[in-house]
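Participant: Questions regarding the structure given below will be posed in turn.
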Amino acid sequence: MKIYTKKGDTGTTQLIGGTRVPKNHIRIEAYGTVDELNSFIGLTSDSIDDNKIKDLLKEIQDRLFTIGSTLASDPEKSNMKIPDLKEEDVVLLESEMDKMNERLPEMKSFILPGGLAANSICHIARCVCRRAERLAVALSENEPVEPLVIKYLNRLSDYLFVLSRKISMDAGADEIPWKPRL
């Protein structure tokens, strides 16, 4: 199978369901950003040694493919069966955050990204996740978007923040508190 079709050479792409839209359509921006996030989740996983977290990050990547598929589908024309995102997926992120927070020191200020490459990569993933969430919200203003997609992306960005703190703690790296200039 050839990876190139040449159909996008005119600046359009096809959604699941057959509809062609410009490559700068908000729907394409949304699922493209989810794809970018998925890559940064992979980089985060490659930057840590904790196999339990690596397994969860792989599961998150699977959910991001589900979200990408949902966003890549024309809600009016697609008949393709897309995997479901479930409320349990959100609950899993919350549960994992709760477990990490039990061991993390109390936050007394905002924390600057950095201090450790793996921490910084995780923060980049968090920022890309927030952008994906904003794009999904923007898309939902004009077209149907499954509310659970937005909820999952919101919770995932929280999870990535807590994970960045755990990565630093596990490596013995100090968190960098933000000290505002007043």
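Participant: For the range 108-133: of the residues being under 18 Å from Gly172 (Cβ atoms) and not in a helix (DSSP H, G or I), which is nearest to the chain's Cα centre (by Cα)?
Facilitator: Going through the qualifying residues, I end up with Pro113.
Participant: Could you please give the count of residues in the range 85-106 that are in contact (Cβ under 8 Å) with a residue 24 or more places away in the chain and not in a helix (DSSP H, G or I)?
Facilitator: Of the residues in that region, 4 qualify.
Participant: In the range 26-54, what residues are outside any helix (DSSP H, G or I) and either in contact with a Phe, Trp or Tyr (Cβ under 7 Å, 6 or more places away or on another chain) or surrounded by 18 or more Cβ atoms within 10 Å (Cβ to Cβ) (or both)? Lay out the reasoning, then the answer.
Facilitator: Restricting attention to the range 26-54, the residues satisfying the condition of being outside any helix (DSSP H, G or I) are 47-50.
Result: Ile48, single match.
Participant: I'd like to check something: does the range 76-84 contain any residue that is of a type in the set (Val, Ile, Thr) and more than 20 Å from Lys166 (Cα to Cα)?
Facilitator: yes
Participant: Restricting the search to the range 68-84, which residues are over 20 Å from the mean Cα position of the chain (by Cα) and free of Cβ contacts under 8 Å to residues at least 24 places away in the same chain? Can you show your working first?
Facilitator: Filtering the range 68-84 down to residues over 20 Å from the mean Cα position of the chain (by Cα) leaves 74-81.
Of everything in the range 68-84, just one residue is over 20 Å from the mean Cα position of the chain (by Cα) and free of Cβ contacts under 8 Å to residues at least 24 places away in the same chain, namely Lys81.
Participant: Could you grab me the full set of residues in the range 69-78 that are surrounded by fewer than 21 Cβ atoms within 10 Å (Cβ to Cβ) and assigned to a helix (DSSP H, G or I)? Write out each step before concluding.
Facilitator: Let us first name the residues in the range 69-78 that are surrounded by fewer than 21 Cβ atoms within 10 Å (Cβ to Cβ), namely 69, 73-78.
Ser69 - this is the single residue of the range 69-78 that is surrounded by fewer than 21 Cβ atoms within 10 Å (Cβ to Cβ) and assigned to a helix (DSSP H, G or I).
Participant: Of all residues being in a loop (DSSP other than H, G, I, E, B) and either among the hydroxyl-bearing types (Ser, Thr, Tyr) or in contact with a Cys (Cβ under 6 Å, 6 or more places away or on another chain) (or both) in the range 1-25, which is surrounded by the fewest Cβ atoms within 10 Å (Cβ to Cβ)? Just the residue, please.
Facilitator: If we take residues in the range 1-25 being in a loop (DSSP other than H, G, I, E, B) and either among the hydroxyl-bearing types (Ser, Thr, Tyr) or in contact with a Cys (Cβ under 6 Å, 6 or more places away or on another chain) (or both), then Tyr4 is surrounded by the fewest Cβ atoms within 10 Å (Cβ to Cβ).
Participant: Kindly evaluate Ser157 against the criterion of being under 30 Å from Asn24 (Cβ atoms), surrounded by 14 or more Cβ atoms within 10 Å (Cβ to Cβ) and of a type in the set (S, T, N, Q).
Facilitator: Yes; evaluated as a whole, the condition is true for this residue.
Participant: Consider Ala117 carefully, then state whether it is under 20 Å from Asp46 (Cα atoms), in contact with a Ser or Thr (Cβ under 9 Å, 6 or more places away or on another chain) and exposed (fewer than 15 other Cβ atoms within 10 Å of the Cβ).
Facilitator: Details: under 20 Å from Asp46 (Cα atoms): yes; in contact with a Ser or Thr (Cβ under 9 Å, 6 or more places away or on another chain): yes; exposed (fewer than 15 other Cβ atoms within 10 Å of the Cβ): yes.
When the stated conditions are applied, Ala117 passes them.
Participant: Ser140 is checked against (1) loosely packed, with under 15 Cβ neighbours inside 10 Å; (2) closer than 30 Å to Pro75 by Cβ and fails just one. What number does that condition carry?
Facilitator: The single condition Ser140 does not satisfy is (1).
Participant: So which residues in the range 118-176 are within 21 Å of Lys108 (Cα to Cα), touching a residue at least 60 places away in the same chain (Cβ under 8 Å), touching a helix residue (DSSP H, G or I) at 6+ places or on another chain (Cβ under 6 Å) and basic (Lys, Arg)?
Facilitator: Matches in the range 118-176: Lys166 only.
Participant: If you scan the range 1-29, which residues turn out to be modelled with pLDDT of 80 or more, of a type in the set (A, V, I, L, M, F, W, C) and under 23 Å from the mean Cα position of the chain (by Cα)?
Facilitator: Ile26, Ile28 - these are the residues of the range 1-29 that are modelled with pLDDT of 80 or more, of a type in the set (A, V, I, L, M, F, W, C) and under 23 Å from the mean Cα position of the chain (by Cα).
The values are calculated or read from the model by the stated rules, or taken from the named source; none is laboratory data. Keep in mind that this is a model prediction, so the values were computed, not measured. Don't worry about glycine lacking a Cβ; one is built from the backbone with ideal geometry, like all the others, and counts go over all protein chains shown.
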